[in-house]
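Take a look at the structure below.
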Protein chains: 2
Amino acid sequence: MKNIILLIMDGLGDRPNQELGNKTALQAARRPNLNRLASNGTTGLMSPVSFGIRAGSDTSHLSILGYDPIKYYTGRGPFEALGLGIELKSGDIAFRANYATVKDGKIIDRRAGRVKDTDSLSSDLETEIDGVKFIVKSGVEHRAAVVMRGKNLSDRITETDPHSVNSPPEFARALDHDAQFTADVINKFLTRSRKILENHEFNKKLISIGKLPANEIMLRGAGKIPEIPSFKEKYGMNAACISGTPLIRGIAGLAGFTNIRVEGMNGRVDTNYKNIISAAVSALDKYDFILINIKGTDIAGHDRKPELKKYVIEQVDSVIGPLLERLDNTLIVVTGDHSTPCSYGDHTGDPVPVMFATNGIINDNVRCFDELSVSTGYYKITSNDIMPIIMSYSDRAEKYGA
Amino acid sequence: MKNIILLIMDGLGDRPNQELGNKTALQAARRPNLNRLASNGTTGLMSPVSFGIRAGSDTSHLSILGYDPIKYYTGRGPFEALGLGIELKSGDIAFRANYATVKDGKIIDRRAGRVKDTDSLSSDLETEIDGVKFIVKSGVEHRAAVVMRGKNLSDRITETDPHSVNSPPEFARALDHDAQFTADVINKFLTRSRKILENHEFNKKLISIGKLPANEIMLRGAGKIPEIPSFKEKYGMNAACISGTPLIRGIAGLAGFTNIRVEGMNGRVDTNYKNIISAAVSALDKYDFILINIKGTDIAGHDRKPELKKYVIEQVDSVIGPLLERLDNTLIVVTGDHSTPCSYGDHTGDPVPVMFATNGIINDNVRCFDELSVSTGYYKITSNDIMPIIMSYSDRAEKYGA
């Protein structure tokens with residue numbers, strides 16, 4: 001049996017960039033180690049979730065790890081909350097939330113003038129009502145997440161965001177009988193929140209400098225945290241996650257991974273690449289399966305910066321030399337969770353390169369790791385196929401039949 | 001967002017033909033424009049419906065357009081009726097029908113001597129009984145379609161074709177209680193039809209020249225016209241269809257496409273190729289998605305004529321130059337709906353070449369459009385994957401997750 005390192009470069013897939021001589025970031029990058037890995041196994045193209053699907057990092061990570069998003073992706077609320085670093089438990093109800101501005105009973109700005117630094121608001125909104133705990137955490141600008149933790153909660157409730165200005169903010173309504181308690185508790189929370197926000201020092205200050213107050217919190221995207229079978233249960237492996245991105249750590253946490261903190265790891269392009277790989281290699285003593293997520297490639301893609309994306313790939317390449325010495329006992333899998341082409345600035349449904357490197361298995365004819373080179377490789381798969389192939393190449397799969 | 005032209009060459013896939021130096025029709029054809037398109041995007045092999053399935057044009061077009069045939073293909077009756085150009089409505093019940101010869105109460109020829117030109121019979125059989133309208137349309141030789149339109153109709157009824165000679169023609173029986181009304185009305189229709197056919201001038205003439213009369217119409221393949229969500233509803237696109245083939249126009253009509261008529265378009269090998277492509281290019285101003293079906297490749301395959309199939313492909317190639325000038329704003333997708341190898345003379349389950357051409361996306365290593373060349377391209381997919389890939393490449397897909 002071999003241990004596994006699954007290295008996901010977020011948003012790795014790219015399209016031709018004029019700035020890079022019509023090459024993708026991966027084609028343009030100096031990547032001797034990635035190419036050496038590609039020469040030591042099989043490669044191919046992987047479509048996240050399915051062909052042509054513009055997967056998010058949430059749905060694609062679920063799918064890559066063997067959790068069918070159709071079953072386990074319960075909406076934006078839970079995954080937004082995970083992304084803000086809230087530790088969720090099965091049964092929690094999570095919402096995406098917006099701070100908004102209400103005047104004379106009507107919403108006049110759904111983003112409260114893109115208010116910033118609302119941590120003092122969110123911490124003051126946290127409370128417990130009728131045995132239900134409310135966790136509130138601020139995100140970027142006007143965004144936040146609200147989590148309800150308690151018994152008998154349901155996500156079958158309406159949003160309180162009317163999605164238009166000049167309408168009054170709404171109360172939550174139950175969509176079925178079982179959700180009445182949840183709706184009642186939310187509405188008590190909203191009534192209480194409005195009072196607190198109205199008189200909050202933070203908002204008084206905003207008004208005093210002529211800005212819009214964040215005097216309403218609107219909830220949407222309600223979702224129940226799914227009960228997902230642990231990775232250990234599914235695959236018999238002790239798993240760890242190394243990622244500077246709260247969303248990825250959150251998903252790994254839900255699946256029972258240990259999240260390893262690494263000195264200098266920050267989920268940005270200036271993360272400490274060397275420490276990340278060192279931590280992964282050390283963790284091989286203790287864990288069977290190590291998921292690494294490098295976020296920089298995705299950030300560069302969203303920011304439409306091909307040179308930066310190339311830089312991030314070169315940084316990763318420069319530190320993965322030690323993995324090449326482990327191929328006797330370790331399966332190294334490298335891929336992306338989706339494509340974020342710099343020319344597009346967002347996720348696309350383009351397939352992503354993938355490789356499975358270890359000693360002893362077939363080496364296909366591919367000697368370079370990039371979109372075009374691997375397109376003549378062994379596999380044309382979707383993310384659902386990754387874990388079964390990993391289980392087989394690491395000598396961990398059970399036989400199906402005799 | 002880009003507009004889309006989906007060019008389906010019916011039965012495009014082929015096998016090696018001795019007459020063409022062991023090349024497929026596509027390999028043998030002079031096809032500079034198809035090759036240029038292949039150089040401007042990604043290519044691959046597409047298996048209609050699924051790998052190895054010998055799809056019909058009906059099931060494959062449904063699947064390519066994103067309508068799962070398992071769910072929406074309700075039998076041969078409805079699609080035979082569509083193929084004869086009957087405009088169907090949700091809830092209609094449609095049958096395939098045969099004219100047969102009955103003597104002394106028993107069927108002696110299930111095809112009435114392959115009778116021809118029965119239009120005068122079918123039009124005289126049209127009627128209305130108990131509020132149910134019967135539409136009858138003759139097809140090739142002894143074939144016809146019968147459509148029932150009215151309220152409370154069911155397709156849970158038996159066939160009236162005993163499928164053997166020397167048996168009496170049957171009446172319809174209800175397979176469940178709700179179908180009794182339908183069976184009763186059909187049987188009234190059959191009783192009436194027998195009288196009309198017995199005394200029909202057309203049959204008297206046949207008998208007078210020593211031929212078998214078409215004095216029975218046998219019904220089979222009952223199917224209810226499915227309620228299918230419109231293409232606009234599914235994909236948010238205004239869609240048009242350009243096809244000389246009633247079956248394809250019928251399927252497109254069911255999905256809410258506008259069927260565009262084109263001067264000289266006839267669904268045969270001598271259709272006006274130039275006008276078809278011109279009409280598609282003009283339609284780009286008004287429609288987001290244009291489906292073109294060229295039937296000639298399939299006809300040549302069924303007729304086992306490799307040179308003719310090559311000719312049809314060359315005709316198409318010679319007129320698609322204008323599409324190459326549209327690649328900035330248009331996604332051009334070219335494929336077949338199934339393979340009709342000339343050496344086989346019918347549909348096979350062989351995969352079909354496919355290409356997605358537009359500016360800005362990755363160009364894979366494939367520079368020629370034919371079965372072998374595209375087999376080293378980007379995709380090995382089924383027809384179910386076509387629409388998601390189209391939506392992604394045309395910048396129309398919603399993100400799944402965040």
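The values are calculated or read from the model by the stated rules, or taken from the named source; none is laboratory data. Here the structure is a predicted model, which means the values were calculated and not measured. Because the Cβ atoms are built from the backbone with ideal geometry, glycine has one as well, and the counts that use them run over all protein chains shown. For the accessible areas, the whole protein counts, side chains as well, though only heavy atoms, and no ligand, DNA or RNA atoms are used. Shrake-Rupley method; radii C 1.70, N 1.55, O 1.52, S 1.80 Å.
The table for this structure:
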{"quantity": "Net charge over other residues, Cβ less than 12 angstrom from the Cβ of B:Ile196 (K, R count +1; D, E count -1)", "calculated": "-2"}
{"quantity": "Other-copy label distances relative to B:Phe51, 7 angstrom Cα-Cβ extension, nm", "calculated": "1.2"}
{"quantity": "For the axis carrying chain B to chain A: nearest C-beta residue of B, whole Å", "calculated": "B:Lys380, 2"}
{"quantity": "Cβ-defined net charge surrounding A:Arg220, 15 Å radius [Lys, Arg +1; Asp, Glu -1]", "calculated": "+2"}
{"quantity": "Karplus-derived 3J(HN,Hα), 6.51/-1.76/1.60, for each residue of segment A:67-79, Hz, glycine and proline x", "calculated": "9, 4, x, 4, 8, 10, 8, 9, x, 5, x, x, 7"}
{"quantity": "Å³ per residue enclosed by the Cα convex hull of chain A", "calculated": "156 Å³"}
{"quantity": "Mean accessible surface per residue for chain A, computed with a 1.4 Å probe while every protein chain stays in place, in Å²", "calculated": "40 Å²"}
{"quantity": "Amide H within-cut-off set for B:Ala255, under 5 Å, with H built and near neighbours excluded", "calculated": "none"}
{"quantity": "Reduction of at least 20 Å² in accessible surface, 1.4 Å probe, comparing all protein chains with the chain by itself, residues of segment A:1-30", "calculated": "A:Arg15, A:Pro16"}
{"quantity": "Sites matching trypsin sites (Lys or Arg not before Pro) across segment A:227-325 that sit in DSSP coil, with at most 12 neighbouring C-beta atoms within 10 Å", "calculated": "A:Arg261, A:Arg268, A:Lys286"}
{"quantity": "Percent antiparallel among DSSP beta bridges (both partners in the protein assembly as shown, rounded to 5)", "calculated": "60 percent"}
{"quantity": "Computed magnitude of the charge dipole of chain B (debye, nearest 20; Cβ of K, R +1, Cβ of D, E -1)", "calculated": "440 debye"}
{"quantity": "Phi to ³J(HN,Hα) by Karplus 6.51 cos²θ - 1.76 cosθ + 1.60 over segment B:189-200, Hz, x for Gly, Pro", "calculated": "4, 5, 4, 5, 4, 4, 4, 4, 5, 4, 9, 6"}
{"quantity": "Cα gyration tensor of the protein assembly as shown - equivalent ellipsoid semi-axes, whole Å, descending", "calculated": "56, 36, 25"}
{"quantity": "Other-chain or far-sequence residues with amide H under 5 Å of B:Thr127's (modelled H)", "calculated": "B:Phe134"}
{"quantity": "Restricting segment A:261-330 to GluC sites (Glu not before Pro) in coil, as DSSP defines it, with at most 11 other Cβ within 10 Å", "calculated": "A:Glu263, A:Glu325"}
{"quantity": "Residues of segment A:360-384 buried by at least 50 Å² on assembly (accessible area, 1.4 Å probe, chain alone as reference)", "calculated": "A:Leu372, A:Lys380"}
{"quantity": "Mean-position separation - Cα centroids, segment B:353-393 and segment A:115-173, in angstrom", "calculated": "45 Å"}
{"quantity": "For segment A:79-224: relative contact order, % (alpha-carbon pairs under 8 angstrom, 6 or more apart)", "calculated": "32 percent"}
{"quantity": "Separation of the B:Lys274 and A:Ser392 label points, Cα + 7 Å toward Cβ, nm", "calculated": "5.3 nm"}
{"quantity": "Net charge, A:Thr182 excluded, C-beta distance under 14 Å - Lys, Arg +1, Asp, Glu -1", "calculated": "0"}
{"quantity": "Sequence-distant lysines (8 or more away, or on other chains) whose Cα lies within less than 18 Å of A:Lys399", "calculated": "A:Lys2, A:Lys234"}
{"quantity": "Angle in degrees between helix A:306-319 and the longest Cα principal axis of chain A, rounded to the nearest 10", "calculated": "60 degrees"}
{"quantity": "Residues with amide H under 5 Å from that of A:Lys23, placed H, sequence gap 5 or more", "calculated": "A:Asn17"}
{"quantity": "For A:Pro162, label point 7 Å along C-beta direction: distances to other copies, nm", "calculated": "7.3"}
{"quantity": "Chain A - percent of accessible surface contributed by carbon and sulfur, probe 1.4 Å", "calculated": "46 percent"}
{"quantity": "Under 14 Å from the Cα of B:Lys116 - aspartates and glutamates, other chains or at least 8 residues apart", "calculated": "B:Glu141"}
{"quantity": "Per-residue HN-Hα couplings for segment A:265-282 [Karplus 6.51, -1.76, 1.60; θ = phi - 60°; Hz; x = Gly/Pro]", "calculated": "7, 9, x, 10, 6, 9, 5, 8, 4, 5, 5, 4, 5, 4, 5, 5, 5, 4"}
{"quantity": "Delta accessible area of at least 40 Å² on complex formation, residues of segment A:45-82, 1.4 Å probe, chain isolated as reference", "calculated": "A:Phe51, A:Gly52, A:Arg54"}
{"quantity": "Chain pair A, B: total accessible area buried, heavy atoms, 1.4 Å probe, Å²", "calculated": "2300 Å²"}
{"quantity": "Nm distances between copies for A:Glu227, ranked from closest, using label points 7 Å along Cα→Cβ", "calculated": "3.5"}
{"quantity": "FRET efficiency estimate (nearest 0.05) - Cβ-Cβ, B:Gln18 to B:Arg194, R0 60 angstrom", "calculated": "0.75"}
{"quantity": "Packing-based order for B:47-53, A:297-303, using average beta carbon neighbours within 10 Å, highest first", "calculated": "A:297-303, B:47-53"}
{"quantity": "Chain lengthening between B:Ser50 and B:Arg30 when straightened (0.36 nm per residue, less Cα-Cα)", "calculated": "4.2 nm"}
{"quantity": "Where the Cα pairs of segment B:79-224 fall when distances are cut into 10 Å bins, in %", "calculated": "12, 45, 34, 8, 0"}
{"quantity": "Potential extension, B:Lys116-B:Ala402 segment - 0.36 nm per residue separation minus Cα distance", "calculated": "96.8 nm"}
{"quantity": "Over segment B:1-158, relative contact order from alpha-carbon pairs under 8 Å, at least 6 apart, %", "calculated": "15 percent"}
{"quantity": "Chain B, relative contact order in percent, only Cα pairs under 8 angstrom and at least six apart counted", "calculated": "33 percent"}
{"quantity": "Order by protection proxy (mean Cβ within 10 Å, highest first), peptides A:1-7, A:396-402, B:164-170", "calculated": "A:1-7, B:164-170, A:396-402"}
{"quantity": "Hits among aspartates and glutamates - C-alpha to C-alpha of B:Lys211 under 12 Å, sequence gap 8 or more where chains match", "calculated": "B:Asp109"}
{"quantity": "Among beta bridges that DSSP assigns inside chain A, antiparallel share in %, nearest 5", "calculated": "60 percent"}
